[in-house]
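Following: one structure in C-alpha cells, then a few remarks.
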Amino acid sequence: MSKLFVSDDEDEPMTNTGSESPTFIPQDHGEDEDPVVSEIPMIITSKPAQTQLCALQYPGRPSARHYENESHVLSTRLKPSTDLLEADVPIDTSKFFDVNKSDEWGGVNKQTLSGVLIGLEGYYAANVQNGEIVLCQLDKVAQLRPSLNYIDKEIATARDLHRLENNHSGRDTVQVVQMSVKSSNDNAPRLGEALMARKKVEDESFTQLPWVDSSSEASLALKKEIFQADNRNVLRSNTNEEDYIGLLVKDISAN
Amino acid sequence: MPPKRRDSVRQGSSRHSVKSAASDESFNELLKPMYKGKALTDEINTAEDKWNLLPAFLKVKGLVKQHLDSFNYFVDVDLKKIIKANEKVLSDVDPDFYLKYLDIRVGYKHGATEMDPILPPHECRLRDLTYSAPIYVDVEYTRGRKVYSNKNLEIGKMPIMLRSNKCTLNGASEGRMASLDECPLDPGGYFIVNGTEKVILVQEQLSKNRIIVEADEKKGIVQASVTSSTHERKSKTYVVTKNDKIYLKHNSIGEEVPIVVILKAAGVTSDLEIMQLVCGDNATYQDLFAINFEECAKLGIYTQQQALEYLGAKVKTMRRHKLTTLQEGIEAVATTIIAHLTVTDLDFKEKALYIAMMTRRVIMAMDNPKMVDDRDYVGNKRLELAGQLMSLLFEDLFKKFNSDFKANIDKILKKPNRATEFNALLSINVHSNNITSGLNRAISTGNWSLKRFKMERAGVTHVLSRLSYVSALGMMTRISSQFEKSRKVSGPRALQPSQFGMLCTSDTPEGEACGLVKNLALMTHITTDDEEEPIKKLCFLIGVENISAIDSSTLHSNFGVYLNGTLIGTTRFPSKFVTQFRKLRRTGRISEFISIYTNSHQNAVHIATDGGRICRPLIIVENGASKVKAHHLLKLKQGRMQFDDFLKQGLVEYLDVNEENDCFIALYEKDLSEQITHLEIEPFTVLGAVAGLIPYPHHNQSPRNTYQCAMGKQAIGAIAYNQFKRIDTLLYLMVYPQQPMVKTKTIELIDYDKLPAGQNATVAVMSYSGYDIEDALVLNKASIDRGFGRCQVLRKNTTVLKRYPNHTQDIVGGMRVNENNEPIFQHASLGPDGLGEVGCRVESGQVYINKSVPTNAGESVMNHSESTHRETPVFYKAPEPSYIDQVMMSVSDNEQALIKVLLRQTRRPELGDKFSSRHGQKGVCGIIVQQEDLPFNDDGISPDIIMNPHGFPSRMTVGKMIELISGKAGVLNGSLEYGTCFGGSKLEDMSKILVDNGFNYSGKDMLYSGITGECLQAYIFFGPIYYQKLKHMVLDKMHARARGPRAVLTRQPTEGRSRDGGLRLGEMERDCVIAYGASQLLLERLMLSSDAFEVDICDKCGLMGYNGWCTSCKTAEHVVKMTIPYAAKLLFQELLSMNIAPRLKLEDVF
C-alpha cells in the first residue's frame, strides 16, 4: 500500500499538529515509468483559532481572472445557519454591456454570485514557499454562480402589477368570506426535505460580511499568518501501514 | 493401466498423512519444484488439482447459497432497516403519543442466546402447517405522561427458509437431521407453507438506478433511461432526443422538458457551465448539444427560479395540499426526477450532474451509435432473490399493520372521556394476524401485490418439484425472466457471451420459454446489498476528488468515479486507483463482493456494491503465475485451509460480469502469460448442476445437452433419504437406482451419486425385430424381471373431518359385512376403524376412507334433531390396483382431523414406457423380448436394451458412444470412470483398458443371435450406458372410451382422460375425411357419435318449436323433425337471445 496519504489525513493520530511531517513519496510498485524527481517537505499548519477557512470557487470564470483590484468583490452576505453565501461583483460596463436591458431590469450595475458552503474533508489550502509546501485545512467550500435575481425580481413585479390591475378591473361584488376554525396541527402541509431547506433559507436573513480584497494588507497578513511554518518537528507516525489501512476501512470491516 | 490421476489421488492422500507429521524441511522439499517451475510432483499438480477449490467453494456456499444468503440478509439486516424506516407510529389526535420500534428479531427473544423451539419442518409438511418462526419487536411507547417499553412483542410469524440461519436444520449434524426425518442432502432454500414446499424463483431484472442508453436507428431516437427504485417508490426518468434536440421525460411530468431547462432548474444556470458539464471540451459534442440552448432561450428562461416555475407548472401530481408552482418545481427536481437520489438541502449539484451525465451519454450515442448499452448483457442485469421479494412484501404488510394500528388508536383516543389511561399495547395485538396471513398467502399463491409500487406479480412462487433429486436442485438454481414469453424478440433469448461461467449454457427449456428461463452455473454467487457510504468515504481517502468541489470545466478531462451508477468524484490516475481498490479487497479490507472496473469508452471507473449481481470466484494471477501454489492446495486437501482462507489471502477473488470484462482470464494454466490477470478454477463450471450430469457433453451436439437438461428433471430416481417418510401428492421412486458407471465431477459435487435416478444398462446398438423404429427400444424381459426400470408411484389422498357450527362433525365409520360376516367387496381393504389397513390392496371401486357427513350440518344448535350421518366414502378409481402404504391421522392448525392415505403402486416397465440416456436420446419401449431370443457375446452377456443405430447419425451424440466405451472399460477395470466436461477419462486410456482385457478398442463385440445361435454379420457396439426412466408411463396415459359422460352445456363428450373423455376427431382429421369425400363418416363422427339432437322445425317460419308445435306460428302444420348437432341448436338459441333470428329453410334431400 502506498504511503501517499499518511501525512495529510485526519484519521492519522497526530501527536503535535503544526509540526513538520516527513516527506512521503508514493512508493512505486515496480513501475519504473514514474521516477522520483524531487522531494518537497510538506508542513501542516493549524490556522488561528476562531478563523474559518473557506474556499470560494467561481465556476465559469476563467481561473486567470481573479476577482481582485478593479473587479474586486463589492460586498458579501451570509446566512449563517444555512450557509448560503452571496457576493456582489462589479460588471464591466465598457464591453458587451446592453444598457437597454440593464434599464429594463432596473439598472443592473453589479452581478450577484451565490452558493452554499459545503463541509468537505481532506481539502487544504496550500502555498509553496522556500521550497516547502505549507498546508492548512479548509473548513468549507462553496461554488459561487451568478444568480441573476434581477430577472426574477422583474418577473415578480410584473406579476404583482398584473394582479393589481386585475383587482381594479375586477367585479365589485362583495365576497363573503367564511371563516372556519381548523385545528392547528393536523392539516398543515408536510413539506418535503428540500422544501423545508428552502423555507429555512428564506426565513433566515443575511448578515453582512466585510470583504477584504486579496491584495489588501490585512489579507496578506492573514495569509502570512496561516502559512507561517514555524514548527518544523518531523512528525513520526506511530501507526504502521497495516494499522493505517485498518483505519481507512474501519467502518467497512468486511470480515 | 489405470489412469494416472486416480492413482495419484490414492497415493497422495496416504502420503499426506505421513507428510503432515514430518518436519518443515520435508515440506519445503515438496514445494521446491514449484518455485523453480520445473516438472511438478505427483502429489500436487496445480493445473489439475486446483479443481479442489470447487468442492471447497460448494462446501461453504452450497448450491442454493444464493437463496440462503438472501434470506439471511433479509431477516438479519433488511428487517432492521425496514423497522428503522418505519420507526414511529404517531397519532393525529394526541400529539404526545408515540410508539417507537426499537428492534426486530425473528425466532429468538430479547437476550436469548438460542432460538425459540419451532416445529420441525417435516412435521409441518405432514400436518399441512407453515414452517415459521415468531417475529418479535421491542417497542417503546407513551402511556399518559410516562414512557414504557415492551420487549418481545409478537407481531406475526415469518415463514422460514429451510437451512437458513433461522432454521432448526442450520448446522445440524447428519444424526440430528435423521432424527428430524430430514434428508441431509436436501439443499433447502425453500419454504413450507400449508404443508407444500414452495420455492421463490430467482427473478431476472434490468439493473435499477443505472443509466441504460438505447438507440432506435430507424426513428433516429436516442434515449438514456434510469429506473429509480427506493423503498418508497419506483419511477423511470428518460433523457430522449426528439428532432435532434434533447428533452427529459418522466411519467409525472406532463410533457417533455427541454434538457437545458431542467439543468437550470437543478441550479446550473450558466450556459457555459452546462456546456462544460455535458460536453467537456469535445467540439463534436458541443456542436451536437448547442441547439438545446436555443430551446431554452426561446422560452425566455434564464434563472433557476424561472426554470423551477416552468417545471412546476408541468408537473402532474396528486397532492392533498396544494403547493405553489415554485414549490412543485423544487419538489420535482428534489424527489421526483431520478428518485433514487434524494436531495435534502438546497444543493442540487449531485442531481444536476446525474442529468448532465445522462445527457452526455445521449450525446455520445448520437455521435457514435456504437456507444449504446446492451439490455441483454448480463452485467446490466440484477437477480432478485427470495429475500428481496420477502422484504418488499414485509414492508408493505408492516406499513399496513402500522396504519391499521394508528387508525385503531386514533379511534380510541378520540373518545372524549376515557375511563382508564390509554394502553396502546392492547390495540396492537388485535390485528396481528395480518402479517402472518399476508406472508403465507403471498408465498402459497405466488401473487405478490405491493400497494406502494402498485405492483401485481403472479407466479412468483412455484411448488418445489420433487420428481427427483436433480429436479428439486434444478428448480433452486432456476432464473425466470420478466420478459413476456409471447414477444417475438430473439435478443433476450440468445446465448450471451457475458454469461460464460455465470449462467449455464445448456440448461434452458425448449419452446416458448426458451432462453428466458435460465439456470445458474455451478460456481456462481449472487451478491447481497453492501453499504455504500463507507465505500464512498474510502474512495475519497484513496485519492478520489469529491464531486462537490470539482470545477465543471475539468470534469471530463479526468476519469469519473461512479458508485452504483452515481458520479461521486473524479480521479486522475484511474488504473492506480483501481489497483489500490482491488488490493484492499484482496486483503479482505472491504467486502469481496464489491466490484470495480474501468470503462475506457466512458472515461469512467465503476464501483458496484448493490445486491443481485452475479459473480464467481477466479484464481488471481500475478506476473504470469497463479497465486495458488501447490502448498495451498496441499493445505486445502488436509483441511488446514478453507475456501474463505483463499479469499482472505488474496489468492482467489470474486468477479462480477462487469469486472470480468476488465480482466484477462486464462482457461488453463498453460495459457498463462504476463497480461493474464486471472485463471479459471475449472472450465466445467460453465455448466450448471443439471447439465453437469451429462458425461462427455463437450462431444455432443449442443441441443442434445439442452434436451438432456429437460429430461434429467423427469427421470425417476431416489428423491431424498427421507423419501419413505414423505407423504406427497405424487411421488415417483425407482426401486433399484444405481449411480452411473461414468460419473462427472459435478455428479460427485452435487451428490447425485448418493441419490441417483437411473440404472446402468448394457446396451447393444443394433437393429432387432422391427419394433425399434423411431427410437423405440427393445427391452430384455429377464432384465425387467431382475428389477430394471422398476419404479413405485405413491399417491396421496387427503381428507379433512370437518366440524360444523352446530357441534356435529364428520365421522369415519367401520366396515360393512355381508351375511357370512365377511366385509363386502367395497370395504374389503378397510380396518375396523374405517380407514384402509396398511399393506392392503385396493381395487377400483373399493373404499379406503369410510367417511360420513352429518345430514343436519346446516341446522342450528337449537333444534336437537338426532344427528344422522350420510356415507361419503372415498373410492379408489384407477385401472390398476394400489396398496395402502401409509395412513396418517393428525390435527391441522384449525383443530380439524386430517387424514392422509398414501397409496402405492409398483410398476415394471411395459410397452410404451419412456426411457432416455443422458444425451437427449429418448425412446419408448417398443417390445419386450425373452432373454433367450436376445443376442449374447462371448461371455454370455445379453443386452438389457437394444438401441437402433439410426439414433446416432442425425443426433451426433458422440458423448454417448464415449460413455459406452468408458463404461465398458470401467466394468472390466473395476473402476468408475469420469466423463467430466472438458476433461474426464481419455478415450485413448479407455481403449487401452479394453484391449488389455481382450476386447476390441472401439467397444465393438462379436455377438451371437439368440434365436439361431449364429454369429451376427457385423460387430456390435456393446456396453453399459446409464439409462433413466422418465415419468411418462403408459399406465398414467392409457385411455379409451366407447360411451361416457357428456358436457352439460353442449351435450358433447367430455374432454380429457381424467373425465373419461372422448377422443377428438380434430380439424386436421376432419380435413382428411372431407378430402376423401367420406361424407357419411363425417356425419357420424361429428354429429351422431357426438351431440345429435332431434329438433322440431317449422318449415314456414324457419324457427325451432317443440313437441311438434311451432310457438311463433301457433300451429303444428308445418313442423318437421330433423337431427342437428346440439351445439347448432344452442347457437341458434343464443343468437335468438341477442335479437338475431336464424331461420332454417328446409328442402327435401332426395
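General observations
- Shielding by partners - mean other protein chain Cβ count within 10 Å, residues of B:535-544: 4
- Full extension of the segment from B:GLU217 to B:LEU972, taken as 0.36 nm per residue of separation minus the current Cα-Cα distance, would add 265.4 nm.
- Taking all pairs of distinct alpha-carbon atoms in the stretch B:791-907, Kirkwood radius in angstrom: 15.2
- In order through the stretch A:87-100: 3J(HN,Hα) via Karplus (6.51 cos²θ - 1.76 cosθ + 1.60), integer Hz, x for Gly, Pro: 9, 9, 10, x, 9, 6, 7, 7, 10, 6, 10, 9, 5, 4
- Computed label-point distance, nm, for sites A:LEU161 and B:GLN701 using a 7 Å Cα→Cβ extension: 8.5
- Space enclosed by the convex hull of the alpha-carbon atoms of the stretch B:866-1016, per residue, Å³: 239
- Reachable aspartates and glutamates from B:LYS637, criterion Cα separation under 15 angstrom, eight or more residues apart if same chain: B:ASP42, B:GLU43, B:GLU48, B:ASP49, B:ASP645
- Cα-based Kirkwood hydrodynamic radius, the stretch B:1057-1137, one decimal, Å: 14.6
- Accessible area in the full protein assembly, largest first, 1.4 Å probe, for B:ASP410, B:ASP244, B:ASP645: B:ASP244, B:ASP645, B:ASP410
- Taking amide H atoms as placed 1.01 Å from N in the peptide plane, the amide H of B:LEU563 lies under 5 Å from those of B:ILE568, B:ILE607, each 5 or more residues away in sequence or on another chain.
- In the stretch B:718-857 the Cα-Cα distances spread across 5 Å bins starting at 0 as 2, 8, 10, 11, 12, 12, 10, 9, 8, 7, 6, 4, 2, 0, 0 percent of all pairs.
- For the stretch B:791-907, a crude dipole built from +1 on the beta carbon of Lys and Arg and -1 on the beta carbon of Asp and Glu, taken about the Cα centre, is about 460 debye to the nearest 20.
- In this structure, B:GLN930 and B:SER1089 have a Cβ-Cβ separation that, at R0 = 35 Å, corresponds to a calculated FRET efficiency of about 0.30.
- Inter-chain neighbour count for A:196-207: the average number of beta-carbon atoms from partner chains within 10 Å of each residue's beta-carbon is 2.
- At R0 = 56 Å, FRET efficiency that the Cβ-Cβ distance of A:ASN100 and B:MET318 yields, to 0.05: 0.80
- Highest-first arrangement of A:159-165, B:984-990, where packing means the average Cβ count within 10 Å: B:984-990, A:159-165
- Other protein chain Cβ atoms within 10 Å, averaged over every residue that makes up B:329-336: 3
- Residues within the reach of a label modelled at B:LYS59 (point 7 angstrom out along Cα to beta-carbon, backbone nitrogen below 18 Å), restricted to the stretch B:620-652, are B:628-652.
- The figure for B:TYR377 is an accessible area of roughly 40 square angstrom, using a 1.4 Å probe on the protein chains alone.
- Ranked by the mean number of other Cβ atoms within 10 Å of their residues, highest first, the peptides B:359-366, B:975-982, B:1024-1031 come out as B:1024-1031, B:359-366, B:975-982.
- Virtual spin-label span in nm between B:LEU911 and B:TYR804, 7 Å along Cα→Cβ: 5.2
- Subtracting the Cα-Cα distance of B:VAL735 and B:LEU272 from 0.36 nm times their residue separation leaves 158.7 nm of extension gain.
- The A-B contact accounts for approximately 4000 Å² of buried accessible area, totalled over both chains at a 1.4 Å probe radius.
- For the listed residue pairs B:LYS157/B:LYS802; B:LYS65/B:LYS627; B:LYS236/B:LYS370; A:LYS101/B:LYS245; B:LYS451/B:LYS851, the alpha carbons are over 32 angstrom apart in B:LYS451/B:LYS851.
- Share of pairwise Cα-Cα distances greater than 22 Å in the stretch B:218-368 is 34 percent (whole percent).
- Coarse-grained scattering of the protein assembly as shown at q = 0.05, 0.06, 0.07, 0.09 Å⁻¹, given as base-10 log I(q)/I(0) from a Debye sum over alpha-carbon atoms: -0.57, -0.80, -1.03, -1.41
- Pairs of Lys residues in the stretch B:919-1044 that lie 8 or more places apart, or on two chains, and have C-alpha atoms under 24 angstrom apart add up to 19.
- Other residues whose C-beta falls under 15 angstrom from the C-beta of B:CYS1015 contribute a net charge of -3, scoring Lys and Arg +1 and Asp and Glu -1.
- Cβ-based net charge around B:LYS234, under 12 Å, with every Lys or Arg adding one and every Asp or Glu removing one: +4
- With the convex hull constructed from alpha-carbon coordinates only, chain B shows a mean projected area of 67.1 nm² over all directions.
- Ellipticity at 222 nm from helices only: DSSP H runs of n ≥ 4 in chain B, each -39500 (n - 2.57), divided by the residue count, give -8000 deg cm²/dmol.
- Label-point separation in nm, B:LYS451 to B:LYS537, each point 7 Å along Cα→Cβ: 3.7
- Counted charge near B:LYS1121, where neighbours are those whose Cβ lies closer than 12 Å (Asp, Glu -1; Lys, Arg +1): -3
- As a rough guide to protection, the peptides B:1119-1130, B:1064-1075 ranked by mean Cβ packing within 10 Å, highest first, stand as B:1119-1130, B:1064-1075.
- Near the amide H of B:VAL315, within less than 5 Å, lie the amide hydrogens of B:GLY254, all on another chain or at least 5 residues away, with H placed in the peptide plane.
- Using 0.36 nm per residue and subtracting the Cα-Cα separation, the extra length available between B:ASN820 and B:GLN638 on full extension is 58.2 nm.
The values are calculated or read from the model by the stated rules, or taken from the named source; none is laboratory data. What you are looking at is a predicted structure, and each value in this text was computed from that prediction instead of being measured. Cβ atoms come from the backbone with ideal geometry, glycine included; neighbour counts cover every protein chain shown. Heads up: the accessible areas ignore ligands, DNA and RNA and are worked out on the full protein's heavy atoms, side chains in. Shrake-Rupley method; radii C 1.70, N 1.55, O 1.52, S 1.80 Å.
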